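Accompanying notes for the structure given below.
The values are calculated or read from the model by the stated rules, or taken from the named source; none is laboratory data. Note that the structure is a prediction, hence the values are computed from the model and not measured. Cβ: placed from backbone, ideal geometry, glycine included. Neighbour counts: every protein chain shown. Accessible surface is based on the protein model in full, side chains and every heavy atom, while ligands, DNA and RNA are left aside. Shrake-Rupley method; radii C 1.70, N 1.55, O 1.52, S 1.80 Å.
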Amino acid sequence: MQLHAAGAERELVAAPRPPLSQAGGWQALLLSESRALLAGPPPLFQALSSRERELVLSHGRRRVLNRGQTLFSQGPHEGIYLIESGRIRVFYNAPSGREITLAYWYPGNFVGGPDIFGPSVHLWSGVATNNSSVVQLPGKALRTLVMQIPALGIGLIEGLSFKGKCYSALVQMLGTRSVTDRLAHLLLHLVDAYGIKVPDGTLIAAAFTHADLAHMVGATRQWVTISLKRLQEQGVVVCRKSQIIVRRLDALAEMRGGG
(Lines give C-alpha, C1' and ligand atoms only; values in the text may rest on other atoms or scores of the structure.)
Protein backbone atom coordinates (compact mmCIF):
# COMPACT_ATOMS: atom_id res chain seq x y z
CA MET A 1 0.00 0.00 0.00
CA GLN A 2 1.43 3.33 -0.99
CA LEU A 3 1.37 5.91 1.77
CA HIS A 4 0.43 9.49 1.01
CA ALA A 5 0.67 12.70 3.00
CA ALA A 6 -2.52 14.70 3.29
CA GLY A 7 -3.41 17.71 5.38
CA ALA A 8 -3.36 21.43 5.64
CA GLU A 9 -0.99 23.69 3.73
CA ARG A 10 2.39 23.80 5.43
CA GLU A 11 3.85 27.11 6.49
CA LEU A 12 7.33 25.79 7.23
CA VAL A 13 8.07 22.95 4.84
CA ALA A 14 11.29 21.16 4.00
CA ALA A 15 12.41 17.56 3.95
CA PRO A 16 12.35 16.31 7.57
CA ARG A 17 15.69 15.09 8.89
CA PRO A 18 15.48 13.24 12.23
CA PRO A 19 18.07 14.68 14.61
CA LEU A 20 20.77 12.46 16.05
CA SER A 21 22.38 12.68 19.46
CA GLN A 22 26.15 12.68 19.81
CA ALA A 23 25.88 9.08 20.98
CA GLY A 24 24.26 8.13 17.69
CA GLY A 25 20.70 7.67 18.97
CA TRP A 26 17.61 9.59 18.00
CA GLN A 27 17.13 12.88 19.77
CA ALA A 28 13.88 13.99 21.29
CA LEU A 29 12.32 17.26 20.18
CA LEU A 30 11.00 19.03 23.25
CA LEU A 31 11.07 22.29 25.17
CA SER A 32 13.84 22.06 27.75
CA GLU A 33 16.81 24.02 29.04
CA SER A 34 18.73 20.78 29.63
CA ARG A 35 21.00 19.72 26.78
CA ALA A 36 21.06 16.24 28.34
CA LEU A 37 17.33 15.94 27.72
CA LEU A 38 17.69 17.15 24.16
CA ALA A 39 20.00 14.21 23.51
CA GLY A 40 16.97 11.98 23.94
CA PRO A 41 16.40 8.68 25.77
CA PRO A 42 18.29 5.48 24.97
CA PRO A 43 16.42 3.31 22.42
CA LEU A 44 14.19 0.72 24.11
CA PHE A 45 15.90 -2.21 22.38
CA GLN A 46 19.44 -0.89 22.80
CA ALA A 47 20.65 -3.63 25.17
CA LEU A 48 18.58 -6.51 23.74
CA SER A 49 20.02 -9.34 21.67
CA SER A 50 18.62 -10.12 18.23
CA ARG A 51 16.76 -13.11 19.64
CA GLU A 52 15.27 -11.02 22.45
CA ARG A 53 14.14 -8.34 20.01
CA GLU A 54 12.44 -10.94 17.83
CA LEU A 55 10.71 -12.40 20.89
CA VAL A 56 9.36 -9.01 21.97
CA LEU A 57 8.19 -8.09 18.47
CA SER A 58 6.43 -11.45 18.11
CA HIS A 59 4.01 -10.30 20.83
CA GLY A 60 3.26 -7.01 19.07
CA ARG A 61 0.93 -5.79 16.37
CA ARG A 62 2.33 -3.50 13.69
CA ARG A 63 0.39 -0.40 12.68
CA VAL A 64 1.09 1.93 9.77
CA LEU A 65 -0.12 5.52 10.05
CA ASN A 66 -0.35 8.31 7.51
CA ARG A 67 0.73 11.82 8.45
CA GLY A 68 -1.94 13.38 10.63
CA GLN A 69 -3.46 10.07 11.74
CA THR A 70 -4.19 9.65 15.46
CA LEU A 71 -2.27 6.88 17.24
CA PHE A 72 -4.00 7.24 20.62
CA SER A 73 -6.24 9.74 22.39
CA GLN A 74 -6.78 10.82 25.97
CA GLY A 75 -8.85 8.05 27.51
CA PRO A 76 -8.70 4.30 28.24
CA HIS A 77 -5.62 2.46 26.99
CA GLU A 78 -3.36 -0.53 27.54
CA GLY A 79 0.27 -1.16 26.60
CA ILE A 80 2.76 0.94 24.64
CA TYR A 81 3.74 1.74 21.05
CA LEU A 82 7.31 1.25 19.85
CA ILE A 83 8.17 3.65 17.00
CA GLU A 84 9.87 1.90 14.09
CA SER A 85 9.81 4.78 11.60
CA GLY A 86 8.42 8.29 11.28
CA ARG A 87 7.68 10.77 14.06
CA ILE A 88 4.98 10.85 16.76
CA ARG A 89 3.84 14.05 18.49
CA VAL A 90 2.52 13.61 22.04
CA PHE A 91 0.29 16.43 23.23
CA TYR A 92 -2.51 17.44 25.60
CA ASN A 93 -5.81 18.65 24.15
CA ALA A 94 -7.77 20.83 26.59
CA PRO A 95 -11.59 21.02 26.65
CA SER A 96 -11.21 24.54 25.21
CA GLY A 97 -9.46 23.10 22.15
CA ARG A 98 -6.05 24.56 23.07
CA GLU A 99 -3.11 22.18 22.77
CA ILE A 100 0.30 21.91 24.36
CA THR A 101 2.96 19.61 22.90
CA LEU A 102 5.07 17.52 25.27
CA ALA A 103 7.54 16.20 22.69
CA TYR A 104 8.14 14.68 19.28
CA TRP A 105 9.41 11.09 19.48
CA TYR A 106 11.54 9.29 16.90
CA PRO A 107 12.35 5.64 15.98
CA GLY A 108 13.59 3.59 18.91
CA ASN A 109 11.43 5.51 21.40
CA PHE A 110 8.15 4.26 22.82
CA VAL A 111 4.99 6.20 23.62
CA GLY A 112 1.81 5.39 25.54
CA GLY A 113 2.94 5.44 29.18
CA PRO A 114 3.24 5.96 32.04
CA ASP A 115 0.99 2.97 32.92
CA ILE A 116 2.43 0.30 30.64
CA PHE A 117 1.35 -3.02 32.18
CA GLY A 118 -2.38 -2.73 32.68
CA PRO A 119 -5.56 -0.89 31.66
CA SER A 120 -5.42 2.80 32.52
CA VAL A 121 -6.24 6.23 31.11
CA HIS A 122 -4.10 8.16 28.64
CA LEU A 123 -3.30 11.65 29.97
CA TRP A 124 -1.92 12.64 26.54
CA SER A 125 -2.75 12.08 22.89
CA GLY A 126 -0.43 10.95 20.11
CA VAL A 127 -0.51 11.69 16.38
CA ALA A 128 1.79 10.79 13.48
CA THR A 129 3.42 13.92 12.04
CA ASN A 130 5.08 11.89 9.29
CA ASN A 131 4.10 8.61 7.69
CA SER A 132 5.00 6.23 10.52
CA SER A 133 5.15 2.60 11.56
CA VAL A 134 4.72 1.48 15.17
CA VAL A 135 4.44 -1.84 17.02
CA GLN A 136 1.74 -2.01 19.67
CA LEU A 137 2.85 -4.12 22.65
CA PRO A 138 0.01 -5.17 25.02
CA GLY A 139 0.47 -4.58 28.73
CA LYS A 140 0.02 -8.21 29.80
CA ALA A 141 2.58 -9.38 27.29
CA LEU A 142 5.01 -6.67 28.41
CA ARG A 143 4.72 -7.78 32.03
CA THR A 144 5.57 -11.37 31.04
CA LEU A 145 8.42 -10.30 28.77
CA VAL A 146 10.02 -8.13 31.47
CA MET A 147 10.20 -11.21 33.72
CA GLN A 148 12.05 -13.05 30.94
CA ILE A 149 14.24 -10.22 29.60
CA PRO A 150 15.75 -7.99 32.32
CA ALA A 151 17.28 -5.64 29.71
CA LEU A 152 13.77 -4.85 28.46
CA GLY A 153 12.69 -3.91 31.97
CA ILE A 154 15.70 -1.60 32.33
CA GLY A 155 14.89 -0.01 28.97
CA LEU A 156 11.31 0.65 30.03
CA ILE A 157 12.42 2.19 33.34
CA GLU A 158 14.95 4.42 31.57
CA GLY A 159 12.32 5.51 29.06
CA LEU A 160 9.73 6.31 31.73
CA SER A 161 12.36 8.17 33.77
CA PHE A 162 13.21 10.29 30.72
CA LYS A 163 9.55 11.07 30.09
CA GLY A 164 9.14 12.16 33.73
CA LYS A 165 12.00 14.60 33.22
CA CYS A 166 10.26 15.88 30.07
CA TYR A 167 7.11 16.66 32.06
CA SER A 168 9.19 18.57 34.62
CA ALA A 169 11.11 20.48 31.94
CA LEU A 170 7.89 21.57 30.23
CA VAL A 171 6.38 22.83 33.50
CA GLN A 172 9.60 24.68 34.37
CA MET A 173 9.75 26.39 30.97
CA LEU A 174 6.07 27.36 30.99
CA GLY A 175 6.29 28.65 34.54
CA THR A 176 9.54 30.60 34.41
CA ARG A 177 10.03 31.78 30.80
CA SER A 178 8.08 34.29 28.75
CA VAL A 179 6.53 33.16 25.46
CA THR A 180 9.15 35.18 23.57
CA ASP A 181 11.94 33.43 25.49
CA ARG A 182 10.40 30.05 24.70
CA LEU A 183 10.09 30.80 20.98
CA ALA A 184 13.74 31.88 20.78
CA HIS A 185 14.73 28.75 22.70
CA LEU A 186 12.74 26.54 20.32
CA LEU A 187 14.19 28.16 17.19
CA LEU A 188 17.72 27.61 18.50
CA HIS A 189 16.90 23.98 19.27
CA LEU A 190 15.54 23.53 15.75
CA VAL A 191 18.75 25.04 14.36
CA ASP A 192 20.79 22.54 16.37
CA ALA A 193 18.62 19.63 15.26
CA TYR A 194 17.82 20.53 11.66
CA GLY A 195 20.09 23.43 10.71
CA ILE A 196 21.66 23.54 7.24
CA LYS A 197 24.11 26.28 6.32
CA VAL A 198 22.94 28.46 3.42
CA PRO A 199 24.28 31.78 2.08
CA ASP A 200 21.78 33.82 4.12
CA GLY A 201 22.33 32.00 7.41
CA THR A 202 21.05 28.67 8.76
CA LEU A 203 18.00 27.04 7.23
CA ILE A 204 15.71 25.07 9.56
CA ALA A 205 15.11 22.06 7.32
CA ALA A 206 12.08 20.56 9.03
CA ALA A 207 8.35 20.38 8.43
CA PHE A 208 6.65 22.37 11.20
CA THR A 209 3.70 24.73 10.81
CA HIS A 210 3.24 27.94 12.77
CA ALA A 211 0.59 26.02 14.71
CA ASP A 212 3.15 23.30 15.52
CA LEU A 213 5.53 25.91 16.91
CA ALA A 214 2.69 27.52 18.87
CA HIS A 215 1.73 24.21 20.47
CA MET A 216 5.32 23.73 21.63
CA VAL A 217 5.75 27.18 23.20
CA GLY A 218 2.24 27.51 24.64
CA ALA A 219 1.00 30.31 22.35
CA THR A 220 -1.45 30.83 19.48
CA ARG A 221 -0.62 30.39 15.81
CA GLN A 222 -1.39 34.07 15.23
CA TRP A 223 1.11 35.07 17.93
CA VAL A 224 3.85 32.94 16.36
CA THR A 225 3.16 34.38 12.89
CA ILE A 226 3.30 37.96 14.21
CA SER A 227 6.46 37.23 16.22
CA LEU A 228 8.26 35.71 13.23
CA LYS A 229 7.30 38.74 11.14
CA ARG A 230 8.72 41.01 13.85
CA LEU A 231 11.94 38.97 13.98
CA GLN A 232 12.23 39.28 10.21
CA GLU A 233 11.85 43.05 10.41
CA GLN A 234 14.70 43.05 12.96
CA GLY A 235 16.92 41.00 10.64
CA VAL A 236 17.01 38.00 12.99
CA VAL A 237 15.27 35.58 10.64
CA VAL A 238 14.18 35.42 7.02
CA CYS A 239 10.82 33.83 6.19
CA ARG A 240 10.50 32.87 2.54
CA LYS A 241 7.31 31.04 1.67
CA SER A 242 7.85 27.66 3.30
CA GLN A 243 11.25 28.33 4.88
CA ILE A 244 12.73 29.89 7.98
CA ILE A 245 16.37 30.98 7.80
CA VAL A 246 18.03 32.17 11.01
CA ARG A 247 20.46 34.99 10.31
CA ARG A 248 21.38 36.10 13.85
CA LEU A 249 21.89 33.28 16.30
CA ASP A 250 23.31 35.78 18.80
CA ALA A 251 20.04 37.72 18.89
CA LEU A 252 18.03 34.55 19.53
CA ALA A 253 20.48 33.53 22.27
CA GLU A 254 20.03 36.93 23.90
CA MET A 255 16.24 36.58 23.73
CA ARG A 256 16.44 33.08 25.18
CA GLY A 257 18.43 34.43 28.08
CA GLY A 258 15.73 36.94 28.85
CA GLY A 259 17.73 39.85 27.51
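On the beta carbon distance between Ser120 and Arg51, with R0 = 30 Å, the FRET formula returns roughly 0.50. Per residue, the solvent-accessible area of the chain (1.4 Å probe, heavy atoms of protein chains only, all protein chains present) comes to 48 Å². Placing a label point 7 Å from the Cα of Gln232 along the Cα-to-Cβ direction, the residues of the stretch 178-217 whose backbone N falls under 14 Å of that point are 210.
Calculated [222 nm] ellipticity per residue, helices only, for the chain: -11500 deg cm²/dmol; basis is -39500 (n - 2.57) per DSSP H run with n ≥ 4, divided by all residues, nearest 500. Approximating the spin labels as points 7 Å out from Cα along Cα→Cβ, the Arg61-to-Thr144 distance works out to 1.6 nm. Straight-line reach from Lys241: taking Cα to Cα under 17 Å and skipping same-chain neighbours fewer than 8 places apart, the lysines in range are Lys229.
The relative contact order of the chain comes to 24 percent, based on Cα pairs under 8 Å that sit 6 or more residues apart. Eigen-decomposition of the gyration tensor built on the alpha-carbon atoms of the stretch 80-232 gives equivalent ellipsoid semi-axes of 32, 18, 14 angstrom, largest listed first.
Under 20 Å from a point placed 7 Å out from the Cα of Tyr167 along the Cα-to-Cβ direction: which residues of the stretch 91-113 have their backbone N that close? Those under the cut-off are 91-95, 99-106, 109-113.
In summary, the stretch 175-253 shows an alpha-carbon radius of gyration equal to 1.00 times the 2.2 N^0.38 Å reference for compact globular proteins.
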